[in-house]
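As structure tokens, the structure follows; a few thoughts come after it.
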Amino acid sequence: MRSPTIAADPAMRLVRLQGDWTLRALTPHLDAFRVELAGRRDEVAWSLQDISRLDSFGAALLWHAWGKRWPASVEIGDELRAIIARIAENAETSLPRSPGFSALGAIIALGSALLAFRSHALGFIRLFGQLSLDLAYLARHPREWPLREISANVYKVGLKAMPVAALVGFLIGVVLSYLSALQLRAFGADLYIVNILGLGIIRELGPVLVSVLVAGRSGSAMTAQLGVMRVTEEIDALSAMGISRTIRLVLPKVIALTLAMPLLVLWTSAVALLGGMLSAWLQLDLGMAFFIERLPQVVPLANLFIGFGKGAVFGLMIALVACHFGLRTSPNTESLSANTTASVVSSITVVILVDALFAIATRSIGVPR
Amino acid sequence: MNAKPVIELRGIVTRFGTKLVHEGVDLTVMRGEVVALVGGSGSGKTTLLRHIIGLTRPAAGEVSVFGAPLFSGSVKEQRTRRRRFGVLFQHGALFSALNVAENVGFPLRELRLATHAEIANLVALKLAMVELEPSTALLMPAELSGGMVKRVALARALALEPELLLLDEPTAGLDPDRSLAFVELVRSLQRQLGLTVVLVSHDVDTLVALATKIAILSDRRIVSCASLEETMELDHPFVESFFRKPLGLRPLARSGGAH
């Protein structure tokens with residue numbers, strides 16, 4: 001490799017380029033060369049006879065330094081001339097540009113966002129309808145129930161989520177009990193800690209807490225799994241074998257999460273109450289036996305059923321949203337990450353919205369007055 | 001410098017768990033050669049290619065590229081060494097978040113040497129080199145056909161003006177017409193730019209059209225590295241099944257006149 005040099009001769013007004021003009025050889029000298037080459041196209045005569053090697057990077061460097069025109073006076077061999085000519089040819093055929101941002105673009109972006117929302121809503125309804133049809137089909141063909149898949153999914157989304165749900169539930173219970181105890185003691189209303197914890201956790205906090213956990217843990221996993229199966233054409237392979245992708249992939253997830261969520265809610269609420277109970281015992285000296293005895297007296301049984309119901313509906317929503325976004329993934333990595341993010345954000349939003357609906361619908365049930 | 005081999009493998013040993021894949025592989029590739037690595041399925045051709053790229057490291061033995069061990073010298077020297085070869089992966093490995101022009105210009109932009117105008121110019125040139133229309137520049141990889149993906153990937157591999165080109169199954173997944181056109185393209189670029197090429201391929205057509213030397217990987221080592229004519233003379237079960245089966249005769253008979 002011969003190092004490239006620029007030999008300028010001020011008297012004869014001749015610039016002589018020597019050595020290897022390749023990307024690798026030019027790299028160390030590039031900044032200095034740009035300065036030396038710039039803006040002297042027609043002032044001097046150029047000699048390129050001594051260049052031993054020229055690659056397209058070197059040619060592009062020269063061509064752009066010359067302002068995309070041949071200098072008035074240049075000595076150059078045919079071979080090098082051809083290399084630079086190829087660069088010159090392609091410098092004219094400019095690549096198409098992606099359009100910049102404009103007012104029209106903003107309107108189009110707004111419109112396509114609305115259309116995308118519409119298409120999501122339609123797709124979601126279509127998926128729900130397809131699942132209903134599948135259930136009707138399975139009711140007539142009971143031998144085709146994907147029981148193994150359902151059981152595997154219950155294990156994955158239910159049993160394996162128990163430790164983390166317990167940890168989070170316990171800590172929330174402790175914190176809630178501690179904070180409430182500080183306030184209640186100021187009023188001398190220590191006993192009401194049982195009411196607050198019982199109602200708050202069983203009716204509201206347990207289901208929502210578990211939903212957020214499950215949406216982040218299982219919802220994202222479902223979207224990613226279906227998305228990767230789209231990318232690797234596994235879903236197409238299933239269809240090609242005449243196996244329904246909704247019965248095989250979506251339905252087991254939806255059923256499993258709908259079944260597992262109430263149980264997870266029960267588990268998490270129980271652990272959260274345990275945490276609250278411990279904290280109340282330490283903080284307010286409220287006996288555990290008393291706590292357990294008083295709980296069913298102040299919290300009507302209806303609250304437990306509301307918690308169960310919420311768990312099942314939230315589980316259904318999370319699984320549906322996750323599968324919806326998973327199946328919409330197009331076969332590339334960008335779409336996969338975008339859909340997984342959208343899946344988690346949407347399912348948590350949907351859960352909170354549905355929770356608000358529940359609050360309105362059950363406002364007169366199970367609340368002692 | 002010309003006398004130094006571009007790639008030199010000495011006593012490469014590779015193990016996957018308890019399975020021995022390579023047991024003392026030696027291979028030398030000189031400047032300007034086109035070497036095809038062939039061998040049965042699972043004989044470790046692609047693994048050998050990955051050793052040369054530096055994606056995996058052999059359990060024993062030494063990989064030297066451009067006269068120096070692959071992992072010798074400072075970080076900067078290693079990086080410079082890596083920029084001297086271009087790799088065409090089997091499935092193209094285009095960045096799916098970037099469009100065609102951004103994919104081809106990516107290595108140049110990462111180098112932070114060229115100006116925007118120069119990059120656009122070079123991208124246009126590389127696309128013309130691989131015979132793609134400038135209008136493809138804005139397409140995303142997901143919108144390209146298999147053959148176009150390979151062309152764009154080749155253009156990207158050529159972006160840093162490599163001296164050595166490594167091709168993993170360059171024609172896999174292409175129909176015979178396209179694969180022939182792609183082979184022609186690689187051959188003309190190889191002549192134009194004076195590249196050294198190492199390719200892994202199952203396709204006899206590709207081998208016959210491109211390779212000046214054929215290295216046969218069998219029984220965990222290179223059993224022969226010779227020209228096509230010499231390889232055909234070889235008495236080895238792999239040569240028998242790979243080149244002389246009725247299926248293998250067809251392309252050989254056809255290319256008989258051309259060589």
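The values are calculated or read from the model by the stated rules, or taken from the named source; none is laboratory data. Keep in mind it's a predicted model, so treat the numbers as computed, not measured. Cβ placement follows ideal geometry from the backbone for every residue including glycine, while neighbour counts extend to all protein chains displayed.
Exactly one residue among A:ILE83, A:ILE76, A:ILE108 is surrounded by 11 or more Cβ atoms within 10 Å (Cβ to Cβ), within 14 Å of chain B (Cβ to nearest Cβ) and modelled with pLDDT of 80 or more, and that residue is A:ILE83. Residue pairs, Cβ under 6 Å, 6 or more apart or interchain, first in region A:22-38 and within 20 Å of B:GLU77 (Cα to Cα), second among the hydrophobic types (A, V, I, L, M, F, W, C) and surrounded by 13 or more Cβ atoms within 10 Å (Cβ to Cβ). List them. Taking only residues 6 or more apart or on different chains, the pairs are A:LEU23/A:PHE57; A:LEU30/B:LEU113.
For B:ALA155, the criteria (1) in contact (Cβ under 8 Å) with a residue 12 or more places away in the chain; (2) not in a helix (DSSP H, G or I) hold in every case but one, which is (2). Looking at the structure I just gave you, is A:ALA338 free of Cβ contacts under 8 Å to residues at least 12 places away in the same chain and within 23 Å of B:GLU143 (Cα to Cα)? Here the answer is yes, as A:ALA338 does meet what is asked.
Scanning region B:76-91 for residues that are part of a loop (DSSP other than H, G, I, E, B) and either within 12 Å of chain A (Cβ to nearest Cβ) or over 22 Å from B:GLN190 (Cα atoms) (or both) yields a total of 3. For region B:95-141, the tally of residues that are within 9 Å of another protein chain (Cβ to nearest Cβ), exposed (fewer than 15 other Cβ atoms within 10 Å of the Cβ) and assigned to a helix (DSSP H, G or I) stands at 2.
Give me the residue from region B:8-26 that is among the aliphatic types (A, V, I, L, M) and surrounded by fewer than 22 Cβ atoms within 10 Å (Cβ to Cβ) and, out of that set, nearest to B:VAL239 (Cα to Cα). Restricting to residues being among the aliphatic types (A, V, I, L, M) and surrounded by fewer than 22 Cβ atoms within 10 Å (Cβ to Cβ), the top hit is B:VAL21.
Against the test of being free of Cβ contacts under 8 Å to residues at least 40 places away in the same chain and part of a helix (DSSP H, G or I), the options A:LEU278, A:LEU238 yield a single qualifying residue, A:LEU238.
Quick check: anything in region B:199-217 more than 14 Å from chain A (Cβ to nearest Cβ) and acidic (Asp, Glu)? Yes - at least one qualifying residue is present in region B:199-217.
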